[in-house]
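Below: one structure, written as structure tokens.
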Amino acid sequence: MLQRFFIFCSGADTAILDECSPGERTKYAGIGATVFFTAVMATIAAAYALYTVFDNYYSAIFFGTIWGLLIFNLDRFIVSTIKKRNNFFDELIQASPRLALAIIIAIVISKPLEMKIFEKEINQVLLTEKNEMTLANKDQLALQYTPSVKALETEIEGLKNEITDKETEVNALYNTYIAEAEGTAGTQKLGKGPVYKEKREKHDAELAALTELKKTNAEKITAAETQLATLATEYKTKVADTQPIIDGFDGLMARINALNKLPWLPSLFIFLLFLAIETSPILAKLLSPKGAYDLKLEEQESALKSWVVQQKTQRDVLVTTDRDINNKVYADIAEEQELYDYKRKKARELMQMQADAFYKKQKSIL
């Protein structure tokens, strides 16, 4: 039962193989087994690749099965259409398009399985890329807020400097009127005279202005710091909103690109393995000697071809003979006087009817 299934997978004619030796049936069962297991590997590869796209087991299995059946049908068609000839180079030329198709199929099958085999390494590459993308995303978002943040920080620094400058000025006035009272500067008279009073009033006025300035600037600084806090919150919100996009950067194309960044030698070996599996049925047909199955198939096809040629030749002879007979019959009829007189009479009647109709039409017009 299993042998007949694999023979079916090889695309061979079971009716002809039943007349061949067991060794011939074993050979085609081996070719069919290769076709079958290649389709199984294609199903697994496609299912994994589609799972990375749909993230759903049922969709991946469904479409992966369809892809596996497609590869099975293509391989079976390729193997079954290769005919053994008497010249190896003719067979190679015949198989060259099928070999090219087999190479393409091997590439398509091997790539998803490479991604599964090197999944941990690919995840490491993707993690590095995600970290770089996260840092780059934060820098790009920060550029949107940098001018506003710098302007607010400059404003706060200016307000604080304004208070500091005012405090320095008030302290200087304080030292001036104290020195006047002590007689160590100014008029150098000990005691609180008119000059002292004038300097004290000036200091008190500036101190009141400083107090008012501190109150006003404190309100402005608080408002600016509130704006800075709002900008910081907006920045963190945008970073949080865009982070899921970066975290989801692990689709099929991203994994293929990550795979291409890994060392190429292991991937090459896996590709060569699948190339050998995919082309092995074709190579087996090319390298195997012409067996009983090939001879019986060639005999059957040549017999059918001879029968078709014979039938076509007979139809051509029949058409030619029938045409010659018809020409001879009509030539004999054309020489009969009775037929000539009859057609002459009918032609005369027809011309008379045409003349009468023309006369009536002209008369009606007048």
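Assess whether Tyr48 counts as being within 28 Å of Leu2 (Cβ to Cβ), part of a helix (DSSP H, G or I) and under 21 Å from the mean Cα position of the chain (by Cα). Here the answer is yes, as Tyr48 does meet what is asked. Within region 18-35, the set of residues being assigned to a helix (DSSP H, G or I) and either touching a Lys or Arg at 6+ places or on another chain (Cβ under 9 Å) or among the charged types (D, E, K, R) (or both) comprises Glu24, Arg25, Lys27, Ala29, Ile31, Gly32, Val35. Does region 126-145 include one or more residues that are over 34 Å from the mean Cα position of the chain (by Cα), in the same structural domain as Ala229 (by TED's automatic domain parsing), of a type outside the set (Gly, Ala, Ser) and part of a helix (DSSP H, G or I)? Yes, there is a match, as at least one residue in region 126-145 is over 34 Å from the mean Cα position of the chain (by Cα), in the same structural domain as Ala229 (by TED's automatic domain parsing), of a type outside the set (Gly, Ala, Ser) and part of a helix (DSSP H, G or I). Could you please tell me which pairs satisfy a Cβ distance under 7 Å, a separation of 6+ or placement on different chains, a first residue in region 233-250 that is over 23 Å from Asn123 (Cα atoms), and a second residue that is at pLDDT below 90? Close Cβ pairs satisfying both conditions: Tyr235/Leu141; Tyr235/Ala142; Tyr235/Tyr145; Lys238/Leu141. Checking each residue in region 87-121 for being assigned to a loop (DSSP other than H, G, I, E, B) and modelled with pLDDT under 75 picks out only Asn87. Being in a helix (DSSP H, G or I) and under 29 Å from Leu113 (Cβ atoms) is a property that Ala15 lacks. Looking at region 51-73, is at least one residue more than 20 Å from Glu114 (Cβ to Cβ) and touching a Pro at 6+ places or on another chain (Cβ under 6 Å)? The answer is no, given that none of the residues of region 51-73 is more than 20 Å from Glu114 (Cβ to Cβ) and touching a Pro at 6+ places or on another chain (Cβ under 6 Å).
Return yes or no: is Val40 among the hydrophobic types (A, V, I, L, M, F, W, C), under 16 Å from Val108 (Cβ atoms) and modelled with pLDDT under 85? Considered against the rule, which asks whether it is among the hydrophobic types (A, V, I, L, M, F, W, C), under 16 Å from Val108 (Cβ atoms) and modelled with pLDDT under 85, Val40 comes out as no.
Looking across region 145-175 at every residue that is free of Cβ contacts under 8 Å to residues at least 12 places away in the same chain and polar (S, T, N, Q), the one that is surrounded by the most Cβ atoms within 10 Å (Cβ to Cβ) is identified as Asn171. What number of residues within region 264-305 are under 23 Å from Arg25 (Cβ atoms) and either modelled with pLDDT of 80 or more or touching a helix residue (DSSP H, G or I) at 6+ places or on another chain (Cβ under 8 Å) (or both)? The total comes to 15.
The values are calculated or read from the model by the stated rules, or taken from the named source; none is laboratory data. Predicted, not measured: the structure shown is a model, and the values here were computed from it. Note: ideal-geometry Cβ built from the backbone for every residue, glycine included; neighbour counts use all protein chains shown.
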